[in-house]
1. Quick one: which residue in Thr135, Thr147 is at positive phi, at pLDDT 95 or above and under 18 Å from the mean Cα position of the chain (by Cα)?
2. Those residues that are farther than 16 Å from His55 by Cβ and of a type in the set (Val, Ile, Thr), I need them from the stretch 107-129; list them, please.
3. Only one of Arg181, Arg126, Arg141, Arg201 is surrounded by 13 or more Cβ atoms within 10 Å (Cβ to Cβ), in contact with a helix residue (DSSP H, G or I) (Cβ under 7 Å, 6 or more places away or on another chain) and basic (Lys, Arg); which?
4. Using beta carbons and a limit of 6 Å, which pairs, at least six apart or on different chains, have the first residue in the stretch 98-125 and not assigned by TED's automatic domain parsing to the domain that holds Ser76 and the second one part of a helix (DSSP H, G or I)?
5. Looking at the stretch 136-148, is at least one residue assigned to a helix (DSSP H, G or I), in the same structural domain as Pro90 (by TED's automatic domain parsing) and closer than 23 Å to Met1 by Cβ?
6. Tell me, which strands (runs of 3 or more DSSP E) lie completely within the stretch 1-106 with 2 or more residues that are more than 18 Å from the chain's Cα centre (by Cα) and either among the polar types (S, T, N, Q) or crowded, with 19+ Cβ neighbours inside 10 Å (or both)?
7. With respect to Ile209, is the statement that it is in the same structural domain as Ser93 (by TED's automatic domain parsing), surrounded by 18 or more Cβ atoms within 10 Å (Cβ to Cβ) and in contact with an Asp or Glu (Cβ under 9 Å, 6 or more places away or on another chain) true?
8. Give all pairs with beta carbons closer than 8 Å in which a residue from the stretch 144-165 that is surrounded by fewer than 20 Cβ atoms within 10 Å (Cβ to Cβ) meets a residue that is polar (S, T, N, Q); count only pairs at least 6 apart in sequence or on separate chains.
Amino acid sequence: MHPDWLSNGFVIADREGGTAVFVDSGADIGPLLAAVDAWGATPAAILRTHAHPDHIVHEDELRARFDIDVVAEPGSWEWGGLRVRGFATPGHSDDMVAFVVDDEVVFTGDTLFKDAVGGGDLARVRASVLDGFMTLPDELRVLPGHTDETTIGRERAHNPFVRVWTGAEPEGTERVDVGGREATLVVWSPDYDGKGKAWVRFDDGTDAIVGGSRVGRR
């Protein structure tokens, strides 16, 4: 995990001496390279969840070192014993893709986090979370683009955004100020950076997902 951006980089292999793939490259790749060496694995690809700089900064270095391609679109692939399925999860960015590996783990990029969701187009983020991630099994491990691991089941049960979207909890009614605009705080959640994440509804009826630091609570 990058110490400032808090963005994650991953490598996953089918077995020792087998095949590996990287997922994103915004963090220090030293530990990833050490893992590949320790496993005696051969990297086959880089899975890119999206092209924001904090997720791709070391991509060219990995491509050149191992002569491998970047996969950044929906589809299905097999590398060695790794079975990978990618599906679009737009909202935080237009190019966002999540990757399920061996039906055991899903790399969610910046769309779904522990206790939060990514900022961006609220309607598209909601659709990506509910129609994408919430159709997956509860036991599936979630490895997000920033900070802590979770599971689909945990987020279904505890993520404040998911709970309101699914009707498990009502929308909030607290009045707040967002950059000088009056709004209603519909959802407040923790976020990976410790500043919180909010779904707000402005008095003109428009909705937005904003960082908690922008929300003035009374």
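1. On inspection, the qualifying residue turns out to be Thr147.
2. So the first thing to find is which residues in the stretch 107-129 are farther than 16 Å from His55 by Cβ, and the list is 114-117, 121-129.
Passing the criteria: Val117, Val125, Val129.
3. After applying the criteria, what remains is Arg126.
4. none
5. The answer is no; no qualifying residue exists.
6. 19-23, 42-47, 75-79
7. Judged against the criteria, Ile209 is not a match.
8. Sorted first by the residue in the stretch 144-165, then by its partner, the pairs are Thr147/Asn8; Arg156/Thr166.
The values are calculated or read from the model by the stated rules, or taken from the named source; none is laboratory data. Note that the coordinates shown come from a computational prediction; the quantities given were computed from them, not determined experimentally. Note that we place each Cβ from the backbone using ideal geometry, even for glycine, and neighbour counts take in every protein chain shown.
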